[in-house]
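What follows is a set of notes on a single structure, which appears directly below.
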Amino acid sequence: MSDATTSTGTELSRRTRAANLERMRRETFDIVVIGGGATGAGMALDAVSRGLTVALVEKHDFASGTSSRSSKLIHGGLRYLEHFEFALVREGLRERARLRRNAPHLGQPLPFLIPVYQSSERSPLGNQVLKLRLGLTLYDWLAGRQNFARHRWLTTAQALAFAPHLSVEGLRGAFVYYDGLTDDARLVIEIIKTAAGRGAVVANYVAASGFVERDSRIRGVAVTDTLSGEPLTVTGRIVINATGVWADDVMRLSDPAAARTLRPSKGIHVVLPAAKLNTRAAVLIPSLGEQRFLFVIPWQERIVIGTTDTDYAGDIEDPQATADEVRRVIESAAQSFPDANITTDDVISSFAGLRPLAGGAGATKELSRREVIIETKKGLISIIGGKLTTWRAMGERAVDRAVERLAANAPAAPIARSRSAEINLAHSERFADGINSEAARLASEFAVPQATAAHLLQSYGGNCTAVLELTRRRPELKQRLIADLPHVEAEVVYAAGQEMAMTVEDFLSRRTRISLLARDGGAACVARVTELLAECDASC
């Protein structure tokens, strides 16, 4: 493929970060993006695809907020059909297909099972077979020719082949339909890397503390490098606030009297060993005590169960899954899979995230997942709400608004159209022959177990070769970090040199998902990760 449609490699290290901060001091950018989650990263990628200059700052690490705490799904949102949000569902399904094309390892098709019981209370979406069939038919139709596969009805025996521990009492059968599975944090990292490879100037651990104004218009951001404590100013013609649940706080840096625009909604998940359920599909189950359902999702040799949806008024910096919330999720799963004997002792980890929903009356589960773009009199553009699946489309719309303002202020040079829909992430063309054959080839070429090669392909896409190349010079980097997980030491070196991992937590929580997958949260490998990061700090 031509360079116009593929991602380009670039160093993203501690040294890169320092150089980027220096550039931010000196240069004036077309757009400054505040926020390094999926939406902000998507804006940076979209803007550079049009030839605009972009700086992006994130006060913690990339994807450290909501964008690493999702249900790991890329989907249209089947339940949104009930609220007649057909345009939102269609867009989600279109973006699902684009991600599958542009980064197959980050948008893998997954079957979803909807069990139907004699009792409507035991069926996650009720037991009205005709209504469910019509809804799934509409879902397939909205996906069009880019659909992964059409839904179908399964007999009880066929349903149990997908989910052998599913309760059989009163089970009439099940519907199966298809959506996408992702690694949310890895998705954000790949978007950031691709944007940087195309010219975006990015830095994590840079916190906005105020705005720079000229002629009553915002023309830059006062920020602080939180690792060094040094202040600096990033100058830009347009500033976009893409900070998720922090969006109101950022808007109030410009206008302390600004009205609140969002309602944080808390969702929690628990992670279990895959062997507890042995399910080959995601399964929808009723959530006890709520008029909603939970997803039971096979993910990275584990099972992720969630999500809840409740109003949240606590500390937005560090939402936690409470013991009572975890217990309720486990009890819901235990009721739907009675012979699996699930208890809270099986929980490997749990996590909580906050949805930055555009404010409104009623229960949070009823609020639209469509984003809202707000522009203040001083020119600050903020994006509120949205969902992970539509990161690219949201980024395009926000940059469209910025382009309108840029053109009005300096109409001399036309700005190119968005190309973000065409850009591959992580050299995804490497998947042309399928992941299994590619994993076998890499295992042979680099003398690593095929399980290691498969894991690296699933995590890094075509960039997995860059990880494996590190082991040619240093064979000891083939060693696993944790005995029962496939992650190897070379990933630490790659994360430090190519993905701007600055801390042990960056690596364990977002460059990899060890903190969710290991029962000790990765404590067993902290010393080795620390050692490898220190080596990289000295040389990168």
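Residues in segment 135-152 that are surrounded by fewer than 18 Cβ atoms within 10 Å (Cβ to Cβ) and either touching a Phe, Trp or Tyr at 6+ places or on another chain (Cβ under 6 Å) or small (Gly, Ala, Ser) (or both): 144, 149. Filtering segment 78-123 to residues that are assigned to a loop (DSSP other than H, G, I, E, B) and surrounded by fewer than 21 Cβ atoms within 10 Å (Cβ to Cβ) leaves 84, 85, 118, 119. Among the residues of segment 375-415, those that are open to solvent by less than 50 Å² (accessible area, probe 1.4 Å) and over 21 Å from residue 77 (Cα atoms) comprise 376, 379, 380, 381, 382, 398, 399, 402, 403, 406, 407, 410. In a residue-by-residue description of segment 228-238, the property of being buried (at least 18 other Cβ atoms within 10 Å of the Cβ), within 22 Å of the chain's Cα centre (by Cα) and at negative phi applies to no position. Among the residues of segment 186-207, those identified as open to solvent by 20 Å² or more (accessible area, probe 1.4 Å) and in contact with a helix residue (DSSP H, G or I) (Cβ under 6 Å, 6 or more places away or on another chain) are 198, 199.
On inspection, residue 46 fails the criterion of being in contact with a Phe, Trp or Tyr (Cβ under 8 Å, 6 or more places away or on another chain) and in contact (Cβ under 8 Å) with a residue 24 or more places away in the chain. What is the number of the single condition among (1) under 20 Å from residue 322 (Cα atoms); (2) of a type outside the set (A, V, I, L, M); (3) in contact with a strand residue (DSSP E or B) (Cβ under 6 Å, 6 or more places away or on another chain); (4) open to solvent by 20 Å² or more (accessible area, probe 1.4 Å) that residue 302 does not meet? So the condition that residue 302 fails would be (1). Looking only at residues of segment 486-515 that are among the hydroxyl-bearing types (Ser, Thr, Tyr) and part of a helix (DSSP H, G or I), we find that the one that is surrounded by the most Cβ atoms within 10 Å (Cβ to Cβ) is 494. In segment 342-363, the residue that is surrounded by the fewest Cβ atoms within 10 Å (Cβ to Cβ) out of those that are assigned to a loop (DSSP other than H, G, I, E, B) and in contact (Cβ under 8 Å) with a residue 60 or more places away in the chain is 360.
One line per residue, one yes/no per condition, for (1) at pLDDT 95 or above; (2) surrounded by fewer than 19 Cβ atoms within 10 Å (Cβ to Cβ); (3) farther than 23 Å from residue 247 by Cβ; (4) not polar (S, T, N, Q):
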residue	(1), (2), (3), (4)
441	no, yes, yes, yes
461	no, no, yes, yes
468	yes, no, yes, yes
476	yes, yes, yes, yes
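Would a scan of segment 161-178 turn up a residue that is closer than 18 Å to residue 37 by Cβ and among the β-branched types (Val, Ile, Thr)? Looking for residues that are closer than 18 Å to residue 37 by Cβ and among the β-branched types (Val, Ile, Thr), one finds none in segment 161-178, hence no.
Search segment 24-72 for residues being in a strand (DSSP E or B) and among the charged types (D, E, K, R), and hand back the single one that is surrounded by the fewest Cβ atoms within 10 Å (Cβ to Cβ). Ranking the qualifying residues of segment 24-72, first place goes to 30. For residue 166, are the conditions met, namely being buried (at least 23 other Cβ atoms within 10 Å of the Cβ), aliphatic (A, V, I, L, M) and within 16 Å of the chain's Cα centre (by Cα)? So residue 166 does not fit the description; no. Within segment 372-429, the set of residues being of a type in the set (Lys, Arg) and within 26 Å of the chain's Cα centre (by Cα) comprises 387, 392, 397, 401, 417, 419. Of the residues making up segment 70-92, none is touching a strand residue (DSSP E or B) at 6+ places or on another chain (Cβ under 6 Å), free of Cβ contacts under 8 Å to residues at least 60 places away in the same chain and of a type in the set (Val, Ile, Thr). Checked against (1) farther than 17 Å from residue 180 by Cα; (2) touching a helix residue (DSSP H, G or I) at 6+ places or on another chain (Cβ under 9 Å), residue 155 passes all but a single condition, namely (2). The residues on offer are 161, 222, 200, and the sole one that is under 25 Å from residue 107 (Cα atoms) and over 21 Å from the mean Cα position of the chain (by Cα) is 161.
Taking the residues in segment 208-222 that are open to solvent by less than 40 Å² (accessible area, probe 1.4 Å) and either at pLDDT below 95 or touching a helix residue (DSSP H, G or I) at 6+ places or on another chain (Cβ under 8 Å) (or both) as candidates, determine which candidate is farthest from residue 377 (Cα to Cα). Across segment 208-222, the extreme among qualifying residues is 208.
The set of residues in segment 299-314 being closer than 14 Å to residue 513 by Cβ and either modelled with pLDDT under 90 or not hydrophobic (A, V, I, L, M, F, W, C) (or both) consists of 300, 301, 302.
The values are calculated or read from the model by the stated rules, or taken from the named source; none is laboratory data. What you are looking at is a predicted structure, and each value in this text was computed from that prediction instead of being measured. In this analysis, Cβ positions are derived from the backbone assuming ideal geometry, glycine residues included, and neighbour counts consider all displayed protein chains. Ligands, DNA and RNA are excluded from the accessible area calculation, which covers all protein heavy atoms including side chains. Shrake-Rupley method; radii C 1.70, N 1.55, O 1.52, S 1.80 Å.
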